[in-house]
1. What value in Å³ per residue do you get for the convex hull of the alpha-carbon atoms in the chain?
2. Would you tally the net charge around G48, using a Cβ to Cβ cut-off of less than 10 Å, leaving G48 out, and scoring K and R as +1, D and E as -1?
3. What does the net charge come to around G93 if you take all other residues with beta carbon closer than 14 Å to its beta carbon, with K and R at +1 and D and E at -1?
4. For I17, I88, what ranking results if the residue with the fewest other Cβ atoms within 10 Å of its Cβ goes first?
5. Between beta-carbons, use under 10 Å as the cut-off and find the net charge around W27, counting Lys and Arg +1, Asp and Glu -1.
6. What residues qualify as long-range amide H neighbours of A28, i.e. H under 5 Å apart, gap of 5 or more or another chain, H built at 1.01 Å from N?
7. Each residue of the range 75-91 in order: what ³J(HN,Hα) in whole Hz does its phi give by Karplus 6.51 cos²θ - 1.76 cosθ + 1.60, θ = phi - 60°, with x for Gly and Pro?
8. Sort E16, E49, E74 by Cβ crowding within 10 Å, fewest neighbours at the top.
Amino acid sequence: MTYDPENVFAKILRSEIPCDRVYEDDWALAFKDINPQAPVHILVVPKGEYVSSDDFAANASDAEIAGFFRAIGEIARLSDIVNSGYRILANHGRDGHQEVPHFHIHIFGGRDLGGMIKRAST
């Protein structure tokens, strides 16, 4: 899959679409999800053009990877969810239900998030 510079997150990064920003540095932009699934639901988007977690891991520089994951930790601290706990999630591809073809991490917190996933019935 090739990167589409017209995806919604690319437009948010270029400030063509507004968002409720909660954090920004050289490596990442974080904003509140417009359809939150938990009291804290923040999307963290790297500033580089990466389609998926696989693309990011394979092609981002060490500095981009370190900066991005440090940003996730800082956002969790700023959101006051470190002590109570939180979940990070990255969807990848069709089966993973990735809706936007720009790598991003969801941070969920603010309540008990329950088990990881439901088992598929056999």
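1. Roughly 121 Å³ of hull volume per residue.
2. Charge balance in the 10 Å sphere: -2.
3. So the environment of G93 carries a net charge of -3.
4. I17, I88
5. So the environment of W27 carries a net charge of -2.
6. The answer is K47.
7. 5, 4, 5, 5, 7, 6, 10, 5, 5, 7, x, 7, 10, 10, 9, 10, 8
8. So the ranking, lowest neighbour count to highest, is E16, E74, E49.
Laboratory data are not the source of any read-out in this text; all were calculated from the coordinates shown. Every value quoted in this text rests on a predicted model; they were computed, and no experiment measured them. When we count neighbours, we look across all protein chains shown, and the Cβ atoms used for this are built from the backbone with ideal geometry, even at glycine.
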